[in-house]
Each structure stands twice: as structure tokens, then as C-alpha cells.
Amino acid sequence: MTDVLCVDVAVQEDLMLYDQLARGVVALSGQGRRLLILLGSGEAEERRLETAGHVPVRREGALERITPPVESSMKESVRTLSNRLTDEGAFAVGMMATDRNIAVQAEDGLRISAQRASQLWTGPGVVPVLGSLVGNGTGGAVDVHPLALAVALEPHLGSPARIILLLKHAVGPRADLTDGKNTVSKEKLMEEGLFAPGLSLPADGISWYVGSPLEASRGQVVQVR
């Protein structure tokens, strides 16, 4: 079983994210879970756009404009998270989805190289940290939300996968969201404003979960219905 942890702009606002995520990843690795972390664009990339005089605009949770400084910033964010995880005892390897054309945005949606997706894990216990910039087919890059990338990657990972969108706040203990069950509706999550602005949610029939980094490490994530 593979746990795919999606880290988007909303959860990156949490100053304790890296600490919690590092502890969670080490705990999950210790349980024998195979992990993949998808890191989306965040405030650091928005600031790069503002510095260049551009207004950051998000569509479906992803930045519409990607410039070379934004791409460099995302690579640095991936390196920072990978180094932090490795310091905490999880052997993390950072890369971008543009590397070796793992993912390319086409007119009909995201196209995934099955062979390259299966090669994300370079050894036992390795935790890939994949930045969610994908190729545009002409040498450029396009920002996609980590959740959208996870859904596209899932059929090509070589084992059943549990897609988890990380949230800033715990969901499981809130009976008003879960009605005492281990599921939560998309509508209630949207009402709470827990998603990135304009996020396009997976289609019905696609299994995915939400939870805080701590909930993920404890296996207490909640399935979205």
C-alpha cells in the first residue's frame, strides 16, 4: 500500500507543517508504508510573482503563471522539505514532476509516464518528494494542484494507493463534520473553507482522504464522500 500525501498552499500556511510532517513520515515509514509526498506551490512562489510585478492568480488551486523564479522557488521548497525529512530519519529524495517528463499537461488532461512513475522509489525506504510542476509539452512548466497530480499518478504506482490531502486542522474528532463516522462530505469541507481557493475536487468514484499530518501518521484520516 502506498500513501500519497498531498501538500497544497492551504496547509503550507501552518508554521508547524514541516515539524508535523516530518514526524508523521517517520512514523508511517516505521509502519512499513510506502510513501510519496506531492508538494504544491505555496506562499513562497506567490511572493516571487509579486516581486516581479505579477498578481498571483490561482485556478483550480494552482498558479496560472509560472516564471523561471517561481520554478526555482519550487525546486528550493522541494529541497528544503526533503532535507528536513532526511534530518528526521526518513531518507527523502526531492525531484520535480517535470524531471524526465514524469507528467505532462495535455489538452485532454495530465499524461503520466507509467515507467517513470514506477521509478520514483529508487530504493527500499526511500520517500520521494515530488514538486507538482508538470511539463507543458514544449519545454515549459505548468503548476497543477497536488491532489490532481495524485489522482493522475495513482493508476501507475504499481500498488494500491491511498490519496490523502493534508489539512491544517484535524477532521476526525469533529462530529459536526463526520457525524461520528469515518467519512466526511465534500460539501461540509467546502463550507469550512478547508480547501485551497477554487480547488477542483476529484470526481465521484475516486477514493481519497483528508486529515492533518498528525492524523495521517496515526492512520486516522477520514474518507471523503
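Observations, loosely collected:
- Filtered by the rule that a residue be over 19 Å from Ser41 (Cα atoms) and in contact (Cβ under 8 Å) with a residue 24 or more places away in the chain, the stretch 128-154 gives Gly137, Glu154.
- Selection within the stretch 190-205 - surrounded by fewer than 16 Cβ atoms within 10 Å (Cβ to Cβ) and either at positive phi or modelled with pLDDT of 85 or more (or both): Gly193, Gly198, Gly205
- Test for Ile112: is it within 21 Å of Val222 (Cα to Cα) and of a type outside the set (Lys, Arg): no
- Scanning the stretch 188-225 for residues that are of a type in the set (Ser, Thr, Tyr), under 21 Å from Ala152 (Cβ atoms) and part of a loop (DSSP other than H, G, I, E, B) returns Ser200, Ser207.
- Ser185 vs. criteria touching a Pro at 6+ places or on another chain (Cβ under 7 Å) and small (Gly, Ala, Ser): no
- Any hit, the stretch 20-36, residues being at pLDDT 95 or above and either among the hydrophobic types (A, V, I, L, M, F, W, C) or in contact with a strand residue (DSSP E or B) (Cβ under 9 Å, 6 or more places away or on another chain) (or both): yes
- Options Ala97, Ala92: the member that is farther than 17 Å from Leu153 by Cα and touching a helix residue (DSSP H, G or I) at 6+ places or on another chain (Cβ under 9 Å): Ala92
- Of the candidates Gly32, Gly40, the single residue that is of a type in the set (Gly, Ala, Ser) and at positive phi is Gly32.
- Which numbered condition Gly205 misses (of (1) in contact with a strand residue (DSSP E or B) (Cβ under 7 Å, 6 or more places away or on another chain); (2) farther than 29 Å from Ser73 by Cα): (1)
- Residue in the stretch 180-189 that is of a type in the set (Gly, Ala, Ser) and in contact with a His (Cβ under 7 Å, 6 or more places away or on another chain) present: no
- Residue within the stretch 179-194 that is among the small types (Gly, Ala, Ser), without any contact (Cβ under 8 Å) to a residue 24 or more places away in the chain, out of contact with any Cys (no Cβ under 7 Å at 6 or more places or on another chain) and more than 27 Å from Leu63 (Cα to Cα) present: yes
- Residue in the stretch 158-166 that is at pLDDT 80 or above, under 26 Å from Thr86 (Cβ atoms) and of a type in the set (Lys, Arg) present: yes
- Segments classed as helices (runs of 4 or more DSSP H), wholly inside the stretch 1-105, with at least 1 members that are buried (at least 17 other Cβ atoms within 10 Å of the Cβ), in contact (Cβ under 8 Å) with a residue 24 or more places away in the chain and of a type in the set (Ser, Thr, Tyr): 17-30, 68-87
- Looking across Ala92, Ala52, one residue alone is under 17 Å from the mean Cα position of the chain (by Cα) and not β-branched (Val, Ile, Thr). It is Ala92.
- Positions within the stretch 162-187 being of a type in the set (D, E, K, R), in a loop (DSSP other than H, G, I, E, B) and surrounded by 14 or more Cβ atoms within 10 Å (Cβ to Cβ), in sequence order: Lys168, Arg174
The values are calculated or read from the model by the stated rules, or taken from the named source; none is laboratory data. All of these numbers come straight from a predicted model, not from anything done at the bench. Cβ coordinates were reconstructed from backbone atoms using ideal geometry, including for glycine residues, and neighbour counts include every protein chain displayed.
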